[in-house]
Every structure is written in C-alpha cells, then in structure tokens.
Amino acid sequence: MVSAAALPAVAHDGDRHHQRHPRVEISRVQADSPGRDDRSNRSLNNEWVEITNTTRDAINLRGWTLRDNDGNRYRFDNVRIAGRATIRIHTGNGRDTRTDLFQDRRDYVWDNRSDTATLRDDRGRTVDTESWGRRR
C-alpha cells in the first residue's frame with residue numbers, strides 16, 4: 001500500500017518566473033493517488049493539481065497550459081477562475097465545473113516520486129512551477 005499526501009506548493013528561489021507573487025499559482029499537488037494505482041477513473045481523479053487565483057478579479061485561462069516533465073499537456077479552454085478562487089485539475093474523466101476540471105486521460109500524468117508541474121499563460125510564459133522529489 002502506498003501512502004498519499006497533498007504536497008503544498010512552496011516556491012523556491014528559481015521557481016517563480018519574473019513575478020514575486022504570481023496572480024495565478026499552483027497551490028497544491030496530489031501526485032500520488034491514495035490507494036492502489038489501478039488506473040480506475042476514481043484513482044486517476046484522485047491525482048490532481050490545484051490552481052489558485054490570488055487576485056480579486058476573475059481571470060480567463062483560455063490557452064493556458066499545465067505540463068509535467070514528460071511533456072504531457074493539459075490546455076485550458078474558456079475557463080474563468082474567480083477572484084481568490086481555486087480550481088482542481090483531475091487526471092481522469094469527469095464533467096467540468098467551476099471548481100473541478102478533468103483532463104480525460106486513461107493513464108497517470110504526475111510521477112509519484114519526482115516531477116514538476118508547470119503552468120504557462122496563453123503566450124507560453126511560465127507563470128508558476130511546483131517540483132517534488134529529486135530533480136532529473
């Protein structure tokens with residue numbers, strides 16, 4: 001049995017790209033889905049990344065991307081994140097809501113031991129990163 005933990009997104013000196021406090025940030029990552037990694041939709045959806053809008057104003061994430069070290073990419077459609085709100089991006093299948101989005105994948109994205117989640121805006125600029133484990 002593998003234990004799971006939601007990892008807090010803590011910025012390291014080199015992690016934030018040109019912004020001291022990003023307007024939108026990766027706030028939490030659960031890379032290791034609790035329980036057995038059996039590729040069930042339930043297990044896939046228990047692997048997620050949370051993104052928080054730290055401003056008072058809503059921000060449209062259309063064209064933004066979330067990537068891992070292996071190049072897996074999730075592209076946001078016309079998604080508005082309210083001011084001071086958080087959305088959770090799940091790996092598996094589901095129906096998108098204001099607070100939960102689904103990548104509709106049938107395999108895990110985030111490496112349990114070591115990976116980096118990178119959030120980029122619609123111009124390809126890195127907005128925030130969160131790494132865990134040893135860097136490759």
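The values are calculated or read from the model by the stated rules, or taken from the named source; none is laboratory data. In this text the structure is predicted, and so the values were computed from the model without any measurement. When we count neighbours, we look across all protein chains shown, and the Cβ atoms used for this are built from the backbone with ideal geometry, even at glycine. Please note that ligands, DNA and RNA were not included when accessible areas were found on the heavy atoms of the full protein model with its side chains. Shrake-Rupley method; radii C 1.70, N 1.55, O 1.52, S 1.80 Å.
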Can you list residue pairs whose Cβ atoms sit under 8 Å apart, with the first residue in the stretch 121-135 being over 20 Å from VAL24 (Cβ atoms) and the second being not in a loop (DSSP other than H, G, I, E, B)? Count only pairs 6 or more apart in sequence or on different chains. GLY133/ASP115; ARG135/THR116
Would a scan of the stretch 42-56 turn up a residue that is in a strand (DSSP E or B) and exposed (fewer than 15 other Cβ atoms within 10 Å of the Cβ)? no
Scanning for something modelled with pLDDT of 90 or more, touching an Asp or Glu at 6+ places or on another chain (Cβ under 7 Å) and among the aromatic types (Phe, Trp, Tyr), does the stretch 63-73 turn up at least one residue? yes
Anything in the stretch 105-136 that is open to solvent by less than 60 Å² (accessible area, probe 1.4 Å), under 16 Å from ARG23 (Cβ atoms) and in a loop (DSSP other than H, G, I, E, B)? List them, or say none. ASP121
Here are some residues: ARG88, ARG36. Which one is in contact (Cβ under 8 Å) with a residue 40 or more places away in the chain and of a type in the set (D, E, K, R)? ARG88
Would it be correct to say that GLY83 is modelled with pLDDT of 95 or more, at negative phi and in a loop (DSSP other than H, G, I, E, B)? yes
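One line per residue, one yes/no per condition, for (1) under 15 Å from the mean Cα position of the chain (by Cα); (2) of a type outside the set (Ser, Thr, Tyr):
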| residue | (1), (2) |
| --- | --- |
| ASN78 | no, yes |
| ARG84 | no, yes |
| ARG88 | yes, yes |
| ASN93 | no, yes |
| THR99 | yes, no |
| ASP104 | yes, yes |
| ASP111 | yes, yes |
| THR118 | yes, no |
